[in-house]
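The structure appears below as structure tokens.
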Amino acid sequence: MHQPDSSVAFDADANRNDPEDVAAMRARIAELEARQHSPTEPAVEIIDPGAPDTSVEVSKVHEATVAGTVFQFHVPKPAALMAFGLGTANRRNGELMMRTMQQFLSFHLLEESFDSLLERMSDPADEFGDDEFGDLMNHVIDVAADSAEAKAPKNGPRR
């Protein structure tokens, strides 16, 4: 079966560009490159300084007290919850399930809290077990489900 040559379509688009547009883009690239090497110009361009910061809730540290230990964590985004669900749903692959849980917790728990979790779960004299682990996971997921991002209206699948 004949495969179309995608470079032909690309070349056709490139040839349709207005020379003035190309010149304007090249000038903008040169301006940004000059700014990158300038000691006085900022390297980051702020597009809308008055826009609300949507990352505040995610970056805010939340706390969960489980079995007397305070665990601090960042709110997982909905995509992280979906990835967690996908990784832990495969019951035939225990290695994938464990790696998914470890990755999820290491990304969202603060380092000290992650260390405390591992220490408490590894200590044979400590009563911290799977029920307490489940309580911690439920708390993190409940906070994520109550976040503004999770409650935002969804527009359906992208096409």
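Below are the figures for this structure:
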| quantity | calculated |
| --- | --- |
| Ranked list, fewest to most other Cβ atoms within 10 Å of each Cβ, for 81, 32 | 32, 81 |
| Sites residue 118 and residue 97 - FRET efficiency at Förster radius 25 Å, r taken between beta-carbons, to 0.05 | 0.90 |
| Packing-based exposure ordering (other Cβ within 10 Å, fewest first) of 99, 91, 120 | 91, 99, 120 |
| Length-normalised contact order for the stretch 56-151 - Cα pairs under 8 Å, 6+ apart - percent | 34 |
| Hypothetical label at residue 150: residues of the stretch 106-125 whose amide nitrogen lies under 18 Å (7 Å Cα-Cβ projection) | 106-110 |
| Estimated inter-spin distance, residue 23 and residue 141, nm [label 7 Å along Cα→Cβ] | 6.0 |
| Which of 138, 148, 113, positive extreme of dipole for the stretch 56-151 (C-beta unit charges) | 148 |
| Net length gained if the chain between residue 34 and residue 89 were fully extended (0.36 nm per residue, minus Cα distance) | 14.8 nm |
| The stretch 56-151: C-alpha gyration tensor shape, a/c 1.5 cut-off, then a/b vs b/c | oblate |
| Residues whose placed amide H lies under 5 Å from that of residue 71, excluding near-sequence neighbours | 64, 65, 66 |
| Packing-based exposure ordering (other Cβ within 10 Å, fewest first) of 88, 40, 100, 65 | 40, 65, 88, 100 |
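Here, each number is a calculation from the coordinates, and none is a lab measurement. This one's a predicted model, so the numbers in the text were calculated from it and none came from an experiment. Methodologically, a virtual Cβ is constructed for each residue, glycine included, from the backbone with ideal geometry; neighbour enumeration extends over all protein chains shown.
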